[in-house]
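Each reported figure results from applying straightforward, stated rules to the coordinates on display, with no laboratory input. Here the structure is a predicted model, which is why all the values come from computation and not from measurement. When we count neighbours, we look across all protein chains shown, and the Cβ atoms used for this are built from the backbone with ideal geometry, even at glycine.
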């Protein structure tokens, strides 16, 4: 008598049922990773802006560029300064100041309001609802440093 090897239909169905139960528990844990990734990206960009601002200011102090205008060179790129801190301003097509100093990736959108003290809003692209952003306000005078706002919006 020949003996056949293989799985029975009942064994195959049980494996499929077990896999279905496991995926029902695992899927909700991985379904909303996009929001966590956007929050992590914008928080990392905020950290890069803080570091770039501090490094630029330190370089400006060393090279005596703390007046209302000036410029320094970081990584071969010219960074325009206002009172020793990178200027706010520019756009994705023409980045300026803090966008150059922080070397942010094109996944971020830069919008600048120049009505009074220039403020650059950095927003991450691809947000599902609202905007996931922070602001960079350039130094207004020699006694007021640049201000990096907290992350706001619906990441």
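For the chain, the relative contact order comes to 18 percent (Cα pairs under 8 Å, sequence separation of at least 6). Spatially, the range 71-85 and the range 1-53 are offset by 45 Å when compared through their Cα centroids. The fewest-to-most ranking of 78, 143 by surrounding Cβ atoms within 10 Å reads 143, 78. In the chain, the longest principal axis of the Cα atoms and the axis of helix 9-31 are about 20 degrees apart.
Can you sort 3, 29 so the residue with the fewest Cβ neighbours within 10 Å comes first?
Going from least to most buried by this count: 3, 29.
In what sequence, highest mean first, do 49-55, 135-141, 64-70, 79-85 appear when ranked by Cβ atoms within 10 angstrom? Walk me through the numbers before you get to the answer.
Values: 49-55: 18.6, 135-141: 20.7, 64-70: 13.3, 79-85: 24.1.
Highest to lowest by the protection proxy: 79-85, 135-141, 49-55, 64-70.
Helix 33-62 versus the longest principal axis of the chain: what angle, 0 to 90°, nearest 10, using Cα atoms? Roughly 30 degrees, rounded to the nearest 10.
With the biggest extent put first, the Cα atoms of the chain measure 96, 31, 26 Å across the principal axes.
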